[in-house]
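Undergrad: Starting off with a structure, shown below.
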Amino acid sequence: MFPVVLIGFMGSGKSAVARRLARMLHRRALDLDAMIEHDARCSIPHLFATQGEAAFRARETDALRHALTGHAVVATGGGIVTREENLALLQNAAQNGAQIVYLRARPETLAKRIRRQPGTRPLIDGQGAPLDLPTTQARVEELLAQREQSYEHAATLSIDTDALDAYGVARLLARQLRCH
Ligand code: S3P
C-alpha cells in the first residue's frame, strides 16, 4: 500500500476529503497543516506572523517527507507545489506507487469556501479584516494562475470538485482508487 496525497488550492476541500476518504479506505488521515500546528504549538496564521513564510515552508517540507513514508491519506497545504523540493518528493512518491490527487475547483468556488473560514489563510486574508468576495476571488485567481500548472503536473489523478461536497468527492475517489 502507498500513500494517497491530496493536493489543490486553499478551499478545495483537501482536509475534509482526507478524513472521509481515510475512513472509507480504512487508512489513517494525516493533515500537514495540523501536523505543523501541533509541532509549532501555534496556529498557521500565528506562525506566518511571527516566523515568516519561509519558516513555515521548511516545516511543511519536513511534514511532507514524513507523511510520504506511510500509507495514510495525506491532506497537503495549498502551497505544497511552490517548492521544487516538494515537487521532487511528490514525483518520487508517485513513481513508487503513491496516488497524487488534484482536487480541482474554479476560483469562484474556492473564494466562496475560503470566505467561510475568515482569518485562517494568511496568504489571502490573514493580515486584516475579512475580505469581500470580489477581492478574495481576485487574490485566488492571481495565486491559482501561478500554481495551477504545478498541480496538474504533479497529479496522477484529478477530480473536479465544484459540484460535489467532501463526502461526494471522497466516495468518487474511493471508487477510482479501488480500481487502480
Ligand atoms: C497555504 C495553504 C494553507 C496553509 C497556509 C499556506 C498556501 O493550507 O498551508 O496558509 O500557500 O496555499 P490549505 O490549503 O489547507 O488552506
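The values are calculated or read from the model by the stated rules, or taken from the named source; none is laboratory data. Just so you know, these numbers come straight off a predicted model, no measurement behind them. All Cβ positions, glycine included, derive from the backbone under ideal geometry; neighbour counts span all protein chains shown.
Undergrad: What number of residues in the stretch 24-82 are of a type in the set (Lys, Arg) and at positive phi?
TA: 1
Undergrad: Mind telling me which of the residues LEU87, LEU68 ends up being within 22 Å of ALA54 (Cα to Cα) and within 15 Å of the ligand (Cβ to nearest atom)?
TA: Of the residues listed, the single one that is within 22 Å of ALA54 (Cα to Cα) and within 15 Å of the ligand (Cβ to nearest atom) is LEU87.
Undergrad: Does the stretch 23-40 contain any residue that is buried (at least 24 other Cβ atoms within 10 Å of the Cβ) and among the basic types (Lys, Arg)?
TA: No.
Undergrad: I need every pair where a residue in the stretch 6-32 that is farther than 20 Å from ILE114 by Cβ has its Cβ under 8 Å from the Cβ of a residue that is near the ligand (Cβ under 9 Å from one of its atoms) and outside any loop (DSSP other than H, G, I, E, B), sequence separation at least 6 or different chains.
TA: Pairs found: ALA29/ALA75; LEU30/ALA75.
Undergrad: Among the candidates GLU148, GLU141, single out the residue that is surrounded by 14 or more Cβ atoms within 10 Å (Cβ to Cβ), at pLDDT 95 or above, over 15 Å from the mean Cα position of the chain (by Cα) and in a helix (DSSP H, G or I). It would help to see each step written out before you state the result.
TA: Working: GLU148 fails: over 15 Å from the mean Cα position of the chain (by Cα).
Criteria check complete, one pass: GLU141.
Undergrad: Which condition number does ALA129 fail, the rest of (1) surrounded by fewer than 14 Cβ atoms within 10 Å (Cβ to Cβ); (2) within 13 Å of the ligand (Cβ to nearest atom) being met?
TA: Against the list (1) surrounded by fewer than 14 Cβ atoms within 10 Å (Cβ to Cβ); (2) within 13 Å of the ligand (Cβ to nearest atom), ALA129 comes up short only on (2).
Undergrad: What number goes with the only condition from (1) within 19 Å of ASP33 (Cα to Cα); (2) out of contact with any Ser or Thr (no Cβ under 8 Å at 6 or more places or on another chain) that ASP125 does not pass?
TA: Result: ASP125 passes all but (2).
Undergrad: Also: If only one of VAL17, VAL81 is of a type outside the set (S, T, N, Q), part of a helix (DSSP H, G or I), closer than 20 Å to ALA145 by Cβ and modelled with pLDDT of 95 or more, which one is it?
TA: Result of the check over VAL17, VAL81: VAL81.
Undergrad: Another question, then. Determine, yes or no, whether ALA94 is touching a residue at least 60 places away in the same chain (Cβ under 8 Å) and not aromatic (Phe, Trp, Tyr).
TA: yes
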